[in-house]
């Protein structure tokens, strides 16, 4: 009798844990979808600042898409660069 009761409790526990894991996974997917829907497209200085940061992070030779952003960076006065790059949201 103890074995049957123990087996039943174990089976119910495993079922409850599995159901809880599936519910948590659904919540995570829902949160990820909400974040994806709330993503905004950057424009203006914020976009340019982010492009410059990405281009500066390139390993080796930057891709051709980086020519314009890096030209903008190099045309700035050195003391204005940190303030401009701070326009890229984190």
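Annotations
- Listed conditions (1) more than 22 Å from the chain's Cα centre (by Cα); (2) surrounded by fewer than 16 Cβ atoms within 10 Å (Cβ to Cβ) are all met by residue 84, apart from (2).
- Where residue 12 falls short, out of the listed (1) in a helix (DSSP H, G or I); (2) closer than 30 Å to residue 86 by Cα; (3) at pLDDT below 80: (2)
- Among the residues of the stretch 55-65, none qualifies, meaning not one is under 18 Å from the mean Cα position of the chain (by Cα), touching a residue at least 24 places away in the same chain (Cβ under 8 Å) and exposed (fewer than 10 other Cβ atoms within 10 Å of the Cβ).
The values are calculated or read from the model by the stated rules, or taken from the named source; none is laboratory data. None of the values given here were measured: they were computed from a predicted structure. Ideal geometry is used to build each Cβ from the backbone, glycine not excepted, and the neighbour counts take in all protein chains shown.
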